[in-house]
Amino acid sequence: MNRKRFLMAASVVTIASVKGGSLLNAALAEPARRLPIVDTHQHLVDVKRFGESWSRPPVRGNYGIAEYREATSGLNFVKAVYVEVAVPTEKRHEEALYAIEMCKDNSIITAGAVIKADIYDPGFVNYMSQFKTSPCIKGIRPSFSSQESLMSDQLIKNVKALGEMNMSMDFTLMPSWLPAIYELAKACPGTAFMINHCANVDPRAFLKTDAYGKASHDAGEWVKNMTALASLKNTALKISGIATRVKGLPVTAENLGPAINQCLDIFGPDRVMFASDWPWCLGATDIKTWVGVLKSVVSKRSFIDQKKLFHDNAVRLYRITT
């Protein structure tokens, strides 16, 4: 370590040693200028380019790269991973090429993409092989037909093939599916499983009030199933989606923090990643509010762990060049 880096490291230790780490936390409370952010769940819906039939975000409007830049202005977003936006089946290949186009454009922070593909298709491996040498395509986010189908021979073969191509699998599911996805992840240890949106946890499950209604699942059962998933080293969790999980629930650190902290504690500091879910997050809040809420929730955690959450883990797990 050179002298400059040593002094920088020493200064962080000195600040952190102050009672309660108050100076460090005060610094981190600044709008993300000090903390680089990688957005692992960037949706773009450019209807000006592709037309209204391209996708249907929850809030009507155009959500291209220009709008994304404006929405994230001042937040120090340095890289992003594009995630498929449920385009019609016949447009999936065009979406993949669109993502690759953005990754090649040095003026755009998009540095990787998770595309859509049919995980049940016997031709899946042939289709995905065209992307295996692309530094942009990091993996897929499929749709599943049933819990029982997760253990079908064809699906398992295709999921294993993803890992062999150095690609991962993102997925969104309801809490009741957690035991089934655990069995799939266990059967495919060579493939990385990226759990989207806090595994759709209902934040009300960890609140001490029923003022916003009862949770849609049991807290203890969810913790048990998530702990099982976290025991598999090929799993990681995106911290996102929780703001829009319950309609009408105010987006505050007090309301979302208990469930978020469960996620962080279960998966540990090395397998959690920030994600915006923009523009889908607009159903409840904007990116700046979401970043602020999450930074408030994690403000008492170490700077190292915060940087892992907002930046380092995404770079490592999605293999992003910085």
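Observations on the model:
- Under-5 Å amide H pairs with Lys116, H placed in peptide plane, nonlocal only: Arg141
- A simple rule links phi to the HN-Hα coupling: the Karplus curve 6.51 cos²θ - 1.76 cosθ + 1.60 with θ = phi - 60°, which for the range 81-95 gives 10, 6, 10, 3, 10, 6, 5, x, 3, 6, 9, 4, 5, 4, 5 Hz, with x for Gly and Pro.
- Taking N as its residue count, the alpha carbon Rg of the chain over 2.2 N^0.38 Å: 0.99
- Helix-derived mean residue ellipticity, 222 nm - over the chain, DSSP H n ≥ 4, -39500 (n - 2.57), to 500: -11000 deg cm²/dmol
- 5 angstrom amide H check on His41, placed H, neighbours 5+ away: Val81, Ser276, Asp277
- Rounded to 10°, Cα long-axis angle of helix 219-230 versus longest principal axis of the chain: 70
- Spin-label pair Ser107/Glu52, simplified geometry with 7 Å Cα→Cβ offset, distance in nm: 3.0
- Applying a threshold of 24 Å to the alpha-carbon distances of Lys160/Lys308; Lys138/Lys186; Lys48/Lys91; Lys79/Lys104; Lys48/Lys132; Lys238/Lys288 flags Lys160/Lys308; Lys48/Lys132 as lying beyond it.
- Degrees separating the helix 287-297 axis from the principal Cα axis of the chain, which is the longest one: 60
- Total formal charge among the other residues, if their Cβ is under 9 angstrom from that of Ile320, Lys/Arg +1 and Asp/Glu -1: +4
- Summing charges over all other residues whose Cβ lies under 9 Å from the Cβ of Val114, with Lys and Arg as +1 and Asp and Glu as -1, gives +1.
- Sum of side-chain charges, Phe50 neighbourhood, beta-carbon under 11 Å (Lys, Arg +1; Asp, Glu -1): -1
- Converting phi to 3J(HN,Hα) with the Karplus coefficients 6.51, -1.76 and 1.60 and the offset θ = phi - 60°, the range 57-64 yields x, x, 10, 4, x, 9, 10, x Hz in sequence order, with x at every glycine or proline.
- The trypsin sites (Lys or Arg not before Pro) found in the range 235-282 that occupy coil by DSSP, while having at most 16 further C-beta atoms within 10 Å, are Lys247.
- Compared with the direct C-alpha span, the chain from Tyr127 to Ser302 gains 58.7 nm at full extension, assuming 0.36 nm per residue.
- Using the alpha-carbon positions of the range 144-222, Rg (one decimal) and Dmax (whole number) come out as 15.1, 48 Å.
- Averaging the Cα positions of each part gives two centres, and for the range 179-242 and the range 107-129 these lie 24 Å apart.
- Once the Cα atoms are used to define both axes, helix 3-17 deviates from the longest principal axis of the chain by about 70 degrees.
- Chymotrypsin sites (Phe, Trp or Tyr not before Pro) lying in DSSP loop within the range 120-174, provided at most 16 other Cβ fall within 10 Å: Tyr120
- Taking other C-beta atoms within 10 Å as the exposure proxy, His311, His41, His217 rank His217, His311, His41 from fewest upward.
- Taking every DSSP bridge with both residues inside the chain, close to 5 percent are antiparallel.
Since every read-out is calculated from the coordinates, none of them should be taken as a lab result. As the structure is a prediction and not an experimental result, all values here were calculated from the model. Counting neighbours? That spans all protein chains shown, and the Cβs are built from the backbone with ideal geometry, glycine included.
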